[in-house]
Amino acid sequence: SGTMAPHTADTIATITCRTTMVHPGFAAHRRRQAHRALRTGSTKGNPSARVRSGGKALAVSVSAAVFVTTLTALMAPGTVRAVPLPTGLPISATTSIHLRSQRRTGTIPTELGLLTRLTYVDIAENWLTGPMPTELGLLTLVNSSFSLGSNLLSLAIPTELGKLIRMSYGFWLYSNSLSSTIPTQLGQLEQMTSTFDISRNMLELIIPSQLGRLDKFQSHFFLHDLAMVYEDDRVWVSGPVPTQLGRLTKLTGDFALQNNHFCQDSLPTEIAALSTFVLEGWDVLEGNSFGTVCGAYIDWPRLPLLPSSLTSAGGLSGRY
């Protein structure tokens, strides 16, 4: 079964999830097939149909005073049995979701936005597809982790994510197939001090100047490999590095802008000045070629990476 048994009113439980399944990785041509399938709607080259495993099992155990339910998803060689994200979780009691690397498939349910007491969300490194629902913007109590990275999510980053104003660290959307522009509303996450990562997507190269408002940042600000890559391996060059990023003067480690093309003659002096603060992880110039004309197509024989090894354990917790 793909759903949990109904929860009774007198149930007090903690839901946890553990797995030892190993992701086999992909060759470069598989990455290319997968991203082209996402752009064209074709199922040819869909990685979720081509994974081979040793027939491992995924078990989700719910232990309680009243009942014990086990949800098992068996993976036969050459197939991945669909295990969607859970729905119908108790709204008033679910405070965190830990489902990293669980081979979850399907789309992110809009019902997730109803869990308004969530403070931590980690559903990274799965096989989730489709757009991010705008209802995620209702999770305004999330403060320590919002991790959707290393999936197969597509279309635009919802502007509603700018409502997660309690975020202090851990905004992860890396290694998906997100497209369109970076929302200016993400500049409202002004309480963040560490780890903002939207790298390795298929975004237009327009970094909003509003990200300069994140001036409390101390480390791990990642805007590398943003390029939207087209069928013929060309990238559309859309804009420059905004000088407002020079306000991030509290950064002491890991500032990454590499592997983009920006339509300006050189790195702005305001950004270059940050190198005096960033003591390690200054990855700004590598793979960039300044001087590209705005609104031009250029050759870009590189695709964002697909999900990395899915080997860690995770779980979903909350008392109800």
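The values are calculated or read from the model by the stated rules, or taken from the named source; none is laboratory data. Quantities reported herein were computed from a predicted structural model and do not represent experimental measurements. Note: ideal-geometry Cβ built from the backbone for every residue, glycine included; neighbour counts use all protein chains shown. We work out accessible area using only protein heavy atoms, side chains counted, and drop any ligands, DNA or RNA first. Shrake-Rupley method; radii C 1.70, N 1.55, O 1.52, S 1.80 Å.
Details
- Lone unmet requirement of (1) assigned to a loop (DSSP other than H, G, I, E, B); (2) out of contact with any strand residue (DSSP E or B) (no Cβ under 7 Å at 6 or more places or on another chain); (3) surrounded by 17 or more Cβ atoms within 10 Å (Cβ to Cβ) for N201: (2)
- Against the numbered list (1) over 24 Å from E125 (Cα atoms); (2) charged (D, E, K, R); (3) under 23 Å from the mean Cα position of the chain (by Cα), R200 comes up short only at (1).
To keep it simple, each residue is scored yes or no on (1) assigned to a loop (DSSP other than H, G, I, E, B); (2) open to solvent by 10 Å² or more (accessible area, probe 1.4 Å).
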position	(1), (2)
I165	yes, yes
F171	no, no
L186	no, no
H224	yes, yes
Q244	no, yes
Q264	yes, yes
A272	no, yes
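- Within region 241-262, tally of residues that are at pLDDT below 90 and over 11 Å from N288 (Cβ atoms): 0
- Subset of region 108-138 that is closer than 19 Å to T159 by Cβ and either among the small types (G, A, S) or in contact with a strand residue (DSSP E or B) (Cβ under 7 Å, 6 or more places away or on another chain) (or both) - its residue that is most open to solvent (accessible area, probe 1.4 Å): P131
- Test set (1) in contact with a strand residue (DSSP E or B) (Cβ under 8 Å, 6 or more places away or on another chain); (2) modelled with pLDDT of 75 or more; (3) surrounded by 14 or more Cβ atoms within 10 Å (Cβ to Cβ) - G287 fails condition number: (1)
- Taking (1) open to solvent by 10 Å² or more (accessible area, probe 1.4 Å); (2) hydrophobic (A, V, I, L, M, F, W, C); (3) under 18 Å from P133 (Cα atoms) in turn, L178 satisfies each apart from (1).
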